[in-house]
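Data block below; observations after.
The values are calculated or read from the model by the stated rules, or taken from the named source; none is laboratory data. Since we're looking at a predicted model, the values are computed, not measured. When we count neighbours, we look across all protein chains shown, and the Cβ atoms used for this are built from the backbone with ideal geometry, even at glycine. The accessibility values were calculated without ligands, DNA or RNA, using every heavy atom of the protein model including side chains. Shrake-Rupley method; radii C 1.70, N 1.55, O 1.52, S 1.80 Å.
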Amino acid sequence: DYHKRVHYFGYNVTDQLQHGPNVLGAVLGDGWYAGYLAFTGRRNYYGDRTRFIAQLHLEFQDGTCAVVATDGTWKVTDGPIREADLLMGCVYDARRELAGWSAPGLDDSAWRAATVDTEVKANLQAHPGTPIRRMQELPALTVTQPQPGVYVFDVGQNMVGWARVKAHGTPGQKVVVRHAEMLNPDGTLYTTNLRAAKATDTYYLAGDEARAYEPSFTFHGFRYVEVTGLDYEPGPADVTGIAVYSDLARTGTFECSEP
C-alpha cells in the first residue's frame, strides 16, 4: 500500500562508474502504483503520475563523500514504451528508441525539466524480499497455425514471465503477442480465465533487420504464445519464454515413478 510505505532497492554500482563523465538515469513504468490494480477496473489507484527518487552515494579514495540525488536539474522525455501495465501488457514502438540516452554526451536540449513533487511524503523502506530475476529461458517447442496468419507457440509448460519474440518487417509494422495457459479445441488461445486482463504485448517494429523484442513493466502467466502481424511464417526458434521469479535458493526436489 503506497499510502503507507514505498519500498526502495539498493545496488552496488562501483564497477559501472567510469573515469570522466557518468550518467544516472531511469525508465519509469506504471507498475502497481498507477496501473490497473487487481480487479478494481481502474488505473491510478494510488496516483496518476509516475515518480522516481534516487541517491548515488560516492566514497572517494581520499575519504570524502558526495551524494548525487534527483532534483530539479534532472530532465525527462518520452521513449519507445508507449504503454506498460502488469495486467494489460506493454506497447513498444521501436521507432522511438533513444540511441545513447544512458551514455554521456547525449543532446538532451529537447528534453523537459523534471517536476519536483513536494506533496508526497513517502515512508521509504528497504525492500524486505528476495529480488525477482530472470531465472529460466524456455524455447518454444512447436508452432502451429490454427488460422491464417495466426501462429501459436508452445513453450512446453505453464510459466510466469514474458515472451521474447524475434521478428522483422517494415518500420512501424504492428506485431501483436497474446498469452494463454490453455488452448481451445481448434488450437486457438483460451483466454476466458484471464477476465479483464489483456495479457497482450504489442510491438511496432524498427525495420527489416531481425531482432529480439521483449516487453517492459509487465508479466504474464502462460504456456502458449500467439503472434500475429508477421508477413512470413516463423519457426519455433523465434519465441522464447523468459521465466521470472524470486531468486530463492532451491531447498528440495520431487521425483515420482508415475508420469
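Counting only strands (runs of 3 or more DSSP E) that fall entirely inside the stretch 181-259 and contain at least 2 residues that are in contact (Cβ under 8 Å) with a residue 60 or more places away in the chain and open to solvent by less than 60 Å² (accessible area, probe 1.4 Å), the qualifying elements are 200-204, 220-228, 239-246. Residue count for the stretch 38-82, restricted to those that are closer than 30 Å to ARG195 by Cβ, of a type in the set (Val, Ile, Thr) and not in a loop (DSSP other than H, G, I, E, B): 1. VAL67 meets all of the listed conditions (1) modelled with pLDDT of 95 or more; (2) open to solvent by 70 Å² or more (accessible area, probe 1.4 Å); (3) closer than 23 Å to THR202 by Cβ but one, namely (3). For the stretch 122-137, filtering for residues that are surrounded by 13 or more Cβ atoms within 10 Å (Cβ to Cβ) and more than 18 Å from MET159 (Cβ to Cβ) leaves 1. Considering the stretch 161-176, the residues that are closer than 16 Å to VAL225 by Cβ and without any contact (Cβ under 8 Å) to a residue 60 or more places away in the chain include one that is least open to solvent (accessible area, probe 1.4 Å), namely VAL175. Assess whether GLU119 counts as being under 19 Å from the mean Cα position of the chain (by Cα), open to solvent by 70 Å² or more (accessible area, probe 1.4 Å) and either modelled with pLDDT of 95 or more or on the phi < 0 side of the Ramachandran plot (or both). No; evaluated as a whole, the condition is false for this residue. For ALA140, the criteria (1) over 17 Å from the mean Cα position of the chain (by Cα); (2) open to solvent by 70 Å² or more (accessible area, probe 1.4 Å); (3) under 27 Å from LEU248 (Cα atoms); (4) aliphatic (A, V, I, L, M) hold in every case but one, which is (2). Going through (1) open to solvent by less than 50 Å² (accessible area, probe 1.4 Å); (2) under 15 Å from the mean Cα position of the chain (by Cα); (3) at pLDDT 95 or above one by one, VAL27 falls short only on (1).
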